[in-house]
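Worksheet for the structure shown next.
The values are calculated or read from the model by the stated rules, or taken from the named source; none is laboratory data. What you see is a predicted model; the values in this text were computed from it and never measured. Neighbour counts run over all protein chains shown; Cβ positions are idealised from the backbone, glycine included.
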Amino acid sequence: MRRVEILDTTLRDGSQAEGISFSVEDKLRIASRLDHLGVAFIEGGWPVSNEKDREFFARASEMKWENARITAFGSTCRANISPQDDENIKALIESQASATAIFGKSWDLHVNVALRVSLEENLRMIHDSVQYLKSQGRYVIYDAEHFFDGFKANEEYALATLHAAKDGGADVLALCDTNGGTLPGEVRRIIQKLQKTLAHPLGIHAHNDSGFGAANAVAAVEEGAVQVHGTINGYGERCGNSNLCSVIPVLELKLGIRCLPEGNLKHLTYVSGFIDEIANVVPDERQPFVGKSAFAHKGGIHVDAMMKHEMTYEHIQPTLVGNERRILISELSGASNVVAKALAHGLDLNKKSPEARAVLNDIQRLESEGYSFESAEASFELLLKKATGSYTKLFDLLSFRVIMEKRDPNEEPITEATLKISVNGEEHHTVGEGDGPVHALDTALRKALTAFYPGIDHIKLTDFKVRVINSKEGTAAKVRTIIDSQDSDGDSWSTVGVSTNLVEASWQALVDSVEFGLLKQMENKTPKQDA
Ligand SMILES: [Zn+2]
């Protein structure tokens, strides 16, 4: 089986993305995950550029790496100086990284205008830097910066720079589309041309400024490249780098080329989410392969066909990349969505059964009132339980009152909620204070329930979103609230409420959240007691 090496540069090129900054600790955690995923190289940073990257390499050199070689990034030596005297090259050696990636100029324009050295001196800088790093026992990747643009401008010179690196002993010549404007067809033609005169392992380092970062990487591999540089989730400067979350599955699943140790592809979705989490980036739901919506089916006809055969609307099996199929419930849904969704929750509804019809009618009615179950699966599951008789009522609301008072114009208002509920026929009256009405009601409800359901202490609200719907009606507009909750097992769920009154809509979502969490605890407990 053909193999391609993956060089992950999430920690170097990826960290140059707008809004992304990694601490040393973040970098080490990400590197460990990438190593576990099984990439061949982890480009950790530029040791000469800052203290943080130096510390990363120092700590990484003391860790054990299972699959990846930690790679330090830098440039060729400066003009009129030998590599052993160059601060940047020294920093690469001192980093103790066993692999180094150094970039040099391929484009005569850059040599003349940016570097302001002779074309010959640039060739010397490339050759000597590579040769010196090789003499120090390093694996050397030569990054030919602006290679495709340089090749188009001055083919002969661009080729000469690759020969300089090859003669210096570079292990791989990585062709960079630094400005990201090259098209896949050009990548193919240029590599085909190179292969005729330059017999040497090639890599591809593409940026995504035309949206072709991953496409260019795949095109290069199809033309024989043996190494792909890219980032998880496509992070990177401007429009990002080749997205490894697309490149890796495409190479493995579509072209039969191995990039990761066998069986590791299924960790990809997890690694994608993990890195978004550390980078504090909102995950792109539409991201191919690993996005939340990548295998989400909404239209009734699609779902009906999917139930008969999953390949009807999916290009790969989601589990291959560790993702999952999701059946979305919406007013577009046919009965098949409900049946499929119910099945996913362990409830077997026949498509033509009266229960399935009843649930579908409920959903359509509620959606016309403004509910949306697409992101409120827990509320949907409670609806299913109610329709099938597997729902247990935990408490009844008798009444609530919320008072908000601002005593001083310069101070935050105080909110107090008074709640009357009944549990097993017993009435309870509690008062809760909070930063706002939802918080106050939540506090009061917890106080009331904790004696009966101590597990409520393990459930916490993590997010609260409000959206105005049918705003045409002005003040009578309805609001939809979505509450996200989490328990101590780390499971999270979302619930929905709709009303013209914000507090009432919040209360509905809050009750669903608490009921869902408590019912889940009870269901999990039952089998354990039997055992
Ligand atoms: Zn780059």
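For segment 31-67, the set of residues classified as within 16 Å of the ligand (Cβ to nearest atom), more than 18 Å from residue 234 (Cα to Cα) and not in a loop (DSSP other than H, G, I, E, B) consists of 53 only. Considering each residue of segment 213-244, count those that are within 16 Å of the ligand (Cβ to nearest atom) and assigned to a helix (DSSP H, G or I), and give that number. The total comes to 9. Scanning segment 473-496 for residues that are surrounded by 21 or more Cβ atoms within 10 Å (Cβ to Cβ) and either at pLDDT 95 or above or hydroxyl-bearing (Ser, Thr, Tyr) (or both) gives 481, 485, 494, 495. The set of residues in segment 7-49 that are touching a helix residue (DSSP H, G or I) at 6+ places or on another chain (Cβ under 8 Å) and of a type in the set (Phe, Trp, Tyr) comprises 22, 46. Only one of the listed residues (183, 173) is within 18 Å of residue 219 (Cα to Cα) and within 16 Å of the ligand (Cβ to nearest atom). That residue is 173. Looking at segment 431-459, which of its residues are surrounded by fewer than 17 Cβ atoms within 10 Å (Cβ to Cβ) and either among the hydroxyl-bearing types (Ser, Thr, Tyr) or under 11 Å from residue 514 (Cα atoms) (or both)? Across segment 431-459, the qualifying residues are 450, 457, 458.
Given the conditions (1) more than 12 Å from the ligand (Cβ to nearest atom); (2) farther than 27 Å from residue 125 by Cβ; (3) out of contact with any strand residue (DSSP E or B) (no Cβ under 6 Å at 6 or more places or on another chain), and given that residue 156 satisfies all but one, which numbered condition is not satisfied? Only one criterion in (1) more than 12 Å from the ligand (Cβ to nearest atom); (2) farther than 27 Å from residue 125 by Cβ; (3) out of contact with any strand residue (DSSP E or B) (no Cβ under 6 Å at 6 or more places or on another chain) is unmet by residue 156, namely (2). In this structure, residue 242 does not qualify as out of contact with any strand residue (DSSP E or B) (no Cβ under 6 Å at 6 or more places or on another chain), buried (at least 24 other Cβ atoms within 10 Å of the Cβ) and small (Gly, Ala, Ser).
Applying the selection to segment 120-142, what residues are farther than 25 Å from residue 41 by Cα and crowded, with 16+ Cβ neighbours inside 10 Å? Matches in segment 120-142: 122, 123, 124. None of 106, 49, 82, 95 is closer than 24 Å to residue 152 by Cα and either among the hydroxyl-bearing types (Ser, Thr, Tyr) or touching a Cys at 6+ places or on another chain (Cβ under 7 Å) (or both) except 106.
Taking the stated definitions as given, is residue 247 within 16 Å of the ligand (Cβ to nearest atom) and assigned to a strand (DSSP E or B)? Show your work before the answer.
On the way: within 16 Å of the ligand (Cβ to nearest atom): yes; assigned to a strand (DSSP E or B): no.
The answer is no for residue 247.
Scanning segment 5-30 for residues that are buried (at least 24 other Cβ atoms within 10 Å of the Cβ) and away from the ligand (no atom under 16 Å from the Cβ) yields 27, 30.
One residue stands out among those in segment 374-405 that are assigned to a strand (DSSP E or B) and among the β-branched types (Val, Ile, Thr): the one that is farthest from residue 298 (Cα to Cα), which is 403.
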